[in-house]
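Just below is one structure, and these are the notes that go with it.
The numbers here are math on the coordinates, done by the rules we state, and not lab data. Bear in mind the structure is a predicted one, so any value in this text is a computation, not a measurement. Don't worry about glycine lacking a Cβ; one is built from the backbone with ideal geometry, like all the others, and counts go over all protein chains shown.
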Amino acid sequence: MPQRVILIAAVTVDGYVARHSLEITKWSKDLHLFKEQTMGWPIIMGSNTYKTLSNELPGRRSIIVHRDDDPASILENVSAYQCFIIGGGRTYHKFIKKFTHIYVTPHPHVFGGGIRLFEGPETKGMDLSFIRLVEVSKERGIYQYQYKVKKK
């Protein structure tokens with residue numbers, strides 16, 4: 001099981017990861033950073049997120065999860081030091097108790113509706129400890145915020 005389970009997401013300032021479940025995200029400006037950070041590590045995604053990819057993501061082992069899959073069982077089969085959960089909202093919600101880190105990049109968009117970062121029943125939330133800020137596009141005011149999840 002990985003020591004680090006990292007949520008990585010581009011979101012709008014109102015907290016959405018997509019307008020609908022099969023949106024091909026073209027508004028994200030952090031794809032270069034996403035590639036750099038996830039290269040060589042397993043990536044876990046829901047089946048709808050997988051359907052939005054134009055092709056496989058080279059250099060990473062893709063693990064596709066489905067509605068009835070158990071997060072603990074999925075992670076038990078990952079032998080790497082770390083893995084990234086890359087979406088979508090239901091998958092982020094499914095793994096919410098397993099995250100050790102969150103890397104989130106707010107983008108200057110407001111959707112007003114769509115797929116939320118955590119799409120599912122209400123949660124009790126998480127306590128986060130700030131790690132660092134990574135510049136994505138200074139001129140556009142886009143930065144990735146990295147947090148460690150405080151375990152209760």
(Q) Exceeding 20 Å between C-alpha atoms, which entries from my cross-link table qualify? They are 29/150; 124/148; 35/124; 35/152; 97/124; 29/97. (A) 29/150; 35/124; 35/152; 29/97
Q) Could you give the nm distance between label points at residue 122 and residue 73, where each point is 7 Å from its Cα heading toward the beta carbon? A) 3.0 nm
Q. For the stretch 48-103, with only Lys/Arg (+1) and Asp/Glu (-1) charged at the beta-carbon, what is the dipole magnitude about the Cα centre, in debye rounded to 20?
A. 160 debye
Q. Antiparallel DSSP bridges in the chain: what percent, to the nearest 5?
A. 45 percent
**Q.** Label point 7 Å beyond Cα of residue 54 along Cβ direction - residues of the stretch 9-25 with amide nitrogen under 13 Å
**A.** 24-25
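Using Cα pairs closer than 8 Å and at least 6 residues apart in sequence, work out the relative contact order for the chain, in percent.
34 percent
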Q: Just grab the label-to-label distance for residue 109 and residue 134, each label 7 Å out from Cα along the Cβ direction, in nm (one decimal).
A: 2.0 nm
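Hey, can you rank 54-64, 40-50, 111-121, 20-30 by average C-beta count inside 10 Å, highest first?
So the peptides 54-64, 40-50, 111-121, 20-30, ranked by packing, come out 40-50, 111-121, 20-30, 54-64.
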